[in-house]
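The values are calculated or read from the model by the stated rules, or taken from the named source; none is laboratory data. Bear in mind that the values here come from a model prediction, so they are computed numbers and not experimental data. Quick reminder, even Gly has a Cβ in these numbers, built from the backbone with ideal geometry, and neighbours come from all protein chains shown. Keep in mind that these areas ignore ligands, DNA and RNA; they rest on the heavy atoms of the full protein, side chains included. Shrake-Rupley method; radii C 1.70, N 1.55, O 1.52, S 1.80 Å.
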Amino acid sequence: MTITKIKKDHLRLIFDRLKDSYKLVGPRVENDVIVLTEMDFHDIPAGYKDLHGKGVYRLSGNKDSNTFSFSLGPDSFKRFLSPPVREIFAFKKSKKGISANVSSKEEKPTAFIGMRACDISALKLYDKVFLEGPVRDTGYDSLKRNSLIIAVNCLYPNGNCFCDSLGTGPEVRDGFDLAITEIQDSFLLETGSSKGSEILNGLTIEEVSDKEMDEKNSRTEDCKKTIKRHIKVNDLPWVIYRNPEHPRWTDVASRCLACGNCTQVCPTCFCNSSYDRLELSGISKKSREISGNKVRAWDSCFSKNFARVHGGNFRPSRRARYRHWMTHKLAYWIEQFGSPGCVGCGRCITWCPVGIDITEELEAIRK
Amino acid sequence: MYDKSIPFEAKIRWIKKETRDTATYAFKITSREIERAYRFIPGQFNMLYMPGIGEAAISISSAPSDHDLTHTIRVAGDVTTAISRLDTGDVLGIRGPFGNGWPLEEIEERDLMIIAGGVGIAPLRSVIRHILNDRTEPRHVKGVRGGKISSPARIILYGSKTPKDIIFRDEFPRYRDAFQTFLTVDKADPEEYWRGDIGLITGMWNKTSFNPLNTVVFMCGPEVMMQSMVKELILKGVPGEKIFISIERNMNCGMGICGHCFFGPKFVCKDGPVFRFTDIEGFLGIKEI
Ligand SMILES: Cc1cc2nc3c(=O)[nH]c(=O)nc-3n(C[C@H](O)[C@H](O)[C@H](O)COP(=O)(O)OP(=O)(O)OC[C@H]3O[C@@H](n4cnc5c(N)ncnc54)[C@H](O)[C@@H]3O)c2cc1C
Ligand code: SF4
Ligand code: SF4
């Protein structure tokens, strides 16, 4: 990994260069929220500050001369690598038989701009789910393989961040092509791959002085110090396994709306449902033909019928569904994939309409 | 290899009605190439696909050495009802096989007790037929009915609601070539001719004589039945490590990416559906797990 720097106003050049071969996806302000969409350099919410609390989010603009003063919005990059609704195949049933066809569109690869350490860690977990199981998910694979990751080192954590406790941030360590750290007068650039260094070819890049390295390190240290929220993980998963009947589950169930917001914003939640989508025009009674497509859509373990089978529902109560979600995040994941399914991004705390805080709930289970 | 996220076409070769709500279907995979690549072990399942309606997880009820690939399906909801309306020559989609299957290596030198409730016999028929097919050869060579003297004991305990609900009833005489079989029903009509037992499957112990320490159990049926059976088996001295149960949960993708089938930390679709009792023991008693 090499580290270089560019002048602040040269960042635009990197964007210009990326645009030729990539679709740019990154942060942009929409309806007073920082979302992830297709964007360009001028869309970066430079100077914006986002305030996060339990069930609270406020965005205030242009108070800061920094480019990357903001943190995370509700979206994570899973929206693009495993889209909310995706066609798996198109089917047709006729007298001749059944066919299922996968359409392969040649899409421009995506460059993900401004990915934070927690989201990069989440992406590694997504890889384990979608690429390392019994069947490799070809859709995810092709979207991921051609993509480019431009990471940003966090310097201003929000009030709900607790990545430090899980070792998933705030600093990016690997899993990126290029990582940006903003210091007083320039952007420091670490290249994490050959694709990453290619982007810098021909740009005026300068050497980083010892003083600037010190500035980077002290800013990162300051960032860690400003992280207020923490979670204790040394007794996971056992503390949860030991307490399936803890009264706190009933308590949280009385607050939880089972809306599933937490699962939609969580960068590691992957639960989905596949179903057939038929259109009226796809049904012909006369020729006894039907056609449509099989889609896979995000779902949530908070959905009432998520664990329904013929003749019953394994998790009818909200208590069981919240317990299942949190137990999955903080215990099952460890057994299933080798690390907790929480990367400490705090999104579920911000976007829970009733302000349920996973760190607090875990602490309560311990008592 | 073919892509297991995309269904392939299969044609129904024949249908055999087993009971009023259950039938066995034999399938012929249309594509030669896929048919050749398709391999399974007893206890695995396929996702059967009715385009426009959906998919259902259904165990393979034939043995790998059988000529036909069969599924034995009980009508439950949308997909299974739609399948029940199909005729010979009709087609549907199949994805699979999925899941781990029964640990056949465990029974090579040990006694096997098969315990099934209701349609739970379907994945076990695959084991039964596997054993039957396997033993034909040596039996003829040696000319000894029942196999070698030292060959391990094989027992089937099967419980159904009524005599009319017994699946594979016509095959049981053949099963008796290699297995001691015990059938029981919850209740039988007085008018009906029924020589077997009446009562819970758990009440059949006094009839069987088996060596608990040398027995491996393969079990599939309603979860309550399996829970009480496991308790009794352990009381009788069967080691928990030698009890294998096949578990049912909601299946959507069948391949470990949808999250519907969790049983505690286990994906029933890829870590199961067959589990060693001691691996899931801690989660079995928890309500709404
Ligand atoms: C590993 C495994 C093996 C099985 N083997 C057999 C078998 O050999 N024979 C047989 O008759 N049945 C079997 N079942 C049960 C069978 O999957 C359900 O009866 C079937 O899915 C019901 O689908 P449906 O559309 O008719 O019912 P609906 O109630 O309309 O179900 C709609 C959807 O819910 C889900 N679902 C509903 N019930 C179940 C269930 N019990 N298990 C899993 N998902 C469910 C499915 O995604 C289904 O498509 C098995 C289940 C599992 C998990
Ligand atoms: S559980 Fe909450 S804090 Fe943890 S990764 Fe998911 S959204 Fe972020
Ligand atoms: S914890 Fe909060 S966000 Fe999650 S389902 Fe409950 S109410 Fe919704």
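Report, by residue number, each residue of region B:103-120 that is assigned to a helix (DSSP H, G or I) and of a type outside the set (Gly, Ala, Ser).
B:104, B:105, B:106, B:107, B:119 - these are the residues of region B:103-120 that are assigned to a helix (DSSP H, G or I) and of a type outside the set (Gly, Ala, Ser).
Please return the ranges of helices (runs of 4 or more DSSP H) entirely within region A:182-274 where 2 or more residues are out of contact with any Lys or Arg (no Cβ under 7 Å at 6 or more places or on another chain) and within 14 Å of chain B (Cβ to nearest Cβ).
By residue number, A:238-241, A:261-265.
Might you check whether a residue that is at pLDDT 90 or above, more than 19 Å from residue B:212 (Cα to Cα) and open to solvent by less than 30 Å² (accessible area, probe 1.4 Å) occurs anywhere in region B:143-158?
no
Restricting region B:74-88 to residues that are away from chain A (no Cβ under 11 Å) and loosely packed, with under 14 Cβ neighbours inside 10 Å, which is nearest to residue B:31 (Cα to Cα)?
Only one residue fits best here, namely B:88.
Can we say residue A:215 is farther than 16 Å from residue A:10 by Cβ and touching a residue at least 24 places away in the same chain (Cβ under 8 Å)?
yes
Note down all Cβ pairs under 9 Å where the first residue falls in region B:83-97 and is over 17 Å from residue B:252 (Cβ atoms) and in contact (Cβ under 8 Å) with a residue 40 or more places away in the chain, the second is open to solvent by 10 Å² or more (accessible area, probe 1.4 Å) and in a helix (DSSP H, G or I), and they're at least six residues apart or on different chains.
Correct list of pairs: B:92/B:82.
Based on what the data block shows, is residue A:21 open to solvent by 50 Å² or more (accessible area, probe 1.4 Å), more than 27 Å from residue A:212 (Cβ to Cβ), at pLDDT below 95 and of a type outside the set (D, E, K, R)?
The answer is yes for residue A:21.
Please determine whether any residue of region B:207-226 is charged (D, E, K, R) and either more than 9 Å from chain A (Cβ to nearest Cβ) or touching a Ser or Thr at 6+ places or on another chain (Cβ under 9 Å) (or both).
Yes; the residues of region B:207-226 include at least one that is charged (D, E, K, R) and either more than 9 Å from chain A (Cβ to nearest Cβ) or touching a Ser or Thr at 6+ places or on another chain (Cβ under 9 Å) (or both).
Among A:296, A:319, which is the only one that is charged (D, E, K, R) and closer than 27 Å to residue A:120 by Cα?
Only one candidate passes the filter, namely A:296.
Among the residues of region B:272-287, is there at least one that is open to solvent by less than 50 Å² (accessible area, probe 1.4 Å), charged (D, E, K, R), within 29 Å of residue A:318 (Cβ to Cβ) and within 14 Å of another protein chain (Cβ to nearest Cβ)?
no
Can you go through A:296, A:288 and tell me which one is at pLDDT 95 or above and either within 8 Å of chain B (Cβ to nearest Cβ) or more than 16 Å from the chain's Cα centre (by Cα) (or both)?
A:296
Examine region A:313-329 for a residue that is away from ligand 2 (no atom under 14 Å from the Cβ), more than 14 Å from chain B (Cβ to nearest Cβ) and open to solvent by less than 40 Å² (accessible area, probe 1.4 Å), and state whether such a residue exists.
no
Residues checked against (1) surrounded by fewer than 18 Cβ atoms within 10 Å (Cβ to Cβ); (2) at pLDDT 95 or above; (3) of a type in the set (Ser, Thr, Tyr):
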| position | (1), (2), (3) |
| --- | --- |
| B:24 | no, yes, yes |
| B:28 | yes, yes, no |
| B:34 | yes, yes, no |
| B:42 | no, yes, no |
| B:50 | no, yes, no |
| B:55 | no, yes, no |
| B:58 | no, yes, no |
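Would region B:86-102 turn up any residue that is assigned to a helix (DSSP H, G or I) and β-branched (Val, Ile, Thr)?
No, because not a single residue in region B:86-102 is assigned to a helix (DSSP H, G or I) and β-branched (Val, Ile, Thr).
Taking residue A:221 and the conditions (1) surrounded by 13 or more Cβ atoms within 10 Å (Cβ to Cβ); (2) not assigned by TED's automatic domain parsing to the domain that holds residue A:333, which numbered condition does it fall short on, given that it satisfies the others?
Answer for residue A:221: the failing condition is (1).
Going through A:363, A:335 one at a time, which residue ends up being more than 16 Å from ligand 1 (Cβ to nearest atom), among the acidic types (Asp, Glu) and either crowded, with 20+ Cβ neighbours inside 10 Å or more than 10 Å from every other protein chain (Cβ to nearest Cβ) (or both)?
A:363
Among the candidates A:340, A:316, A:353, single out the residue that is part of a loop (DSSP other than H, G, I, E, B) and farther than 26 Å from residue A:242 by Cβ.
Checking each option against the conditions leaves just A:353.
Tell me, which helices (runs of 4 or more DSSP H) wholly within region A:60-165 include 3 or more residues that are at pLDDT below 95 and either buried (at least 22 other Cβ atoms within 10 Å of the Cβ) or within 14 Å of chain B (Cβ to nearest Cβ) (or both)?
A:138-145
In region A:291-311, is there at least one residue being within 16 Å of ligand 2 (Cβ to nearest atom), in contact with a Cys (Cβ under 8 Å, 6 or more places away or on another chain), under 24 Å from residue A:86 (Cα atoms) and polar (S, T, N, Q)?
Yes, region A:291-311 contains at least one residue that is within 16 Å of ligand 2 (Cβ to nearest atom), in contact with a Cys (Cβ under 8 Å, 6 or more places away or on another chain), under 24 Å from residue A:86 (Cα atoms) and polar (S, T, N, Q).
May I ask you to list the residues in region B:235-271 that are more than 8 Å from every other protein chain (Cβ to nearest Cβ) and among the aromatic types (Phe, Trp, Tyr)?
B:244, B:263 - these are the residues of region B:235-271 that are more than 8 Å from every other protein chain (Cβ to nearest Cβ) and among the aromatic types (Phe, Trp, Tyr).
Filter region A:244-268 down to the residues that are more than 8 Å from ligand 3 (Cβ to nearest atom) and open to solvent by 40 Å² or more (accessible area, probe 1.4 Å), then identify the one that is farthest from residue A:346 (Cα to Cα).
Per the stated criteria, the residue is A:245.
Limited to region B:99-116, what total is found for residues that are open to solvent by less than 10 Å² (accessible area, probe 1.4 Å) and within 14 Å of chain A (Cβ to nearest Cβ)?
1
Among the listed residues A:35, A:29, which satisfies the condition of being part of a strand (DSSP E or B), at pLDDT 95 or above and farther than 23 Å from residue A:260 by Cβ?
After applying the criteria, what remains is A:29.
Given the conditions (1) in contact with a strand residue (DSSP E or B) (Cβ under 6 Å, 6 or more places away or on another chain); (2) open to solvent by 40 Å² or more (accessible area, probe 1.4 Å); (3) closer than 26 Å to residue A:79 by Cβ, and given that residue A:181 satisfies all but one, which numbered condition is not satisfied?
(2)
Keeping to region A:280-291, report how many residues are assigned to a strand (DSSP E or B), open to solvent by 20 Å² or more (accessible area, probe 1.4 Å) and not hydrophobic (A, V, I, L, M, F, W, C).
4
Residues of region A:292-312 being assigned to a loop (DSSP other than H, G, I, E, B) and open to solvent by less than 20 Å² (accessible area, probe 1.4 Å), which ones?
Result: A:300, A:301, A:302, A:306, A:307.
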